[in-house]
Amino acid sequence: MSDQNSLSVGVWGRWMLLTVIGFIVGGVVGTGVGFIAIPVVGILLAFLPLPGAQGQGAIGYLLYGSAIAAAVVAGVIIGISQWFVLQRWFTQRLWWIFASAFGWAGIAFTMSILTYTHVAGPVGQPDGTFLETTLWDNRGAIASSVTGVLIAALIIGILQALALRFKPPQAVLWIVMNILVFFIAAVIIILWVRGAGGIFGVPVFFAAYSPVYAAISGVTLIRVQN
């Protein structure tokens, strides 16, 4: 094995380790921040003229508000962890952390919507009975939610590529990688997670999914730097 290959394996290993650690630590700390954010969002809703904020719609605002707050904090921690590898090539630390925080907020928000999208199973009816539904029956809601995830993936890819000052070919590769890994995450949610939304479900899913993201993004990082 050449020195260059050894270097690549070493970079990939450090990226894997630090990214997974960032996901786990960010998930724990972010979840705590999410709980703290719930009463804060509740207070803000009393002063904000948002549709449905004074009724049952407030529950959605509370959940999504706490999810975004948790994701921003988790994104900062993930970005800082990854920077220990990225600083070998780049100097724009704050831009990378900002891109990660903003981008992960979008990913968490859209993933939260997807995990709440009913994908298959029994649905309660007004008469008290249950109707068994399939993925095909819910194709419209699924397609809409997955589209939101892919748009968020596109945005985080663009922001991170700009932060790292990639040239067009490198930027395209990095953006495509983000779209691919989050499309895989969306498929996993649709087929297996089913209803694991909320302040616990999304962080747990991301922690479990982090090795997949770290592995694919690490390979992509090495490729764009060679």
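Output the residue which, of all residues in region 152-191 that are aromatic (Phe, Trp, Tyr) and closer than 15 Å to Ile222 by Cα, is surrounded by the most Cβ atoms within 10 Å (Cβ to Cβ).
Trp174
Considering only residues of region 101-119 that are touching a Leu at 6+ places or on another chain (Cβ under 8 Å) and in a helix (DSSP H, G or I), which is nearest to Gly157 (Cα to Cα)?
Across region 101-119, the extreme among qualifying residues is Gly103.
Considering Ile59, Ile36, Ile43, Ile78, which residue is open to solvent by 70 Å² or more (accessible area, probe 1.4 Å) and at pLDDT 90 or above?
Sole residue among the options that is open to solvent by 70 Å² or more (accessible area, probe 1.4 Å) and at pLDDT 90 or above: Ile36.
So that you can scan it fast, the table gives a plain yes or no per residue for (1) open to solvent by less than 70 Å² (accessible area, probe 1.4 Å); (2) at pLDDT 95 or above:
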{"position": "Trp95", "(1), (2)": "no, no"}
{"position": "Asp137", "(1), (2)": "no, no"}
{"position": "Ala143", "(1), (2)": "yes, no"}
{"position": "Val146", "(1), (2)": "yes, no"}
{"position": "Leu150", "(1), (2)": "yes, yes"}
{"position": "Val193", "(1), (2)": "yes, no"}
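Which members of region 147-176 meet the condition of being in a helix (DSSP H, G or I) and either in contact with a Gly (Cβ under 7 Å, 6 or more places away or on another chain) or among the charged types (D, E, K, R) (or both)?
Residues satisfying the conditions are Ala152, Ile155, Ile156, Leu159, Gln160, Trp174, Ile175.
The values are calculated or read from the model by the stated rules, or taken from the named source; none is laboratory data. What you see is a predicted model; the values in this text were computed from it and never measured. All Cβ positions, glycine included, derive from the backbone under ideal geometry; neighbour counts span all protein chains shown. To get the accessible areas, we keep the full protein, side chains included, count just its heavy atoms, and leave off ligands, DNA and RNA. Shrake-Rupley method; radii C 1.70, N 1.55, O 1.52, S 1.80 Å.
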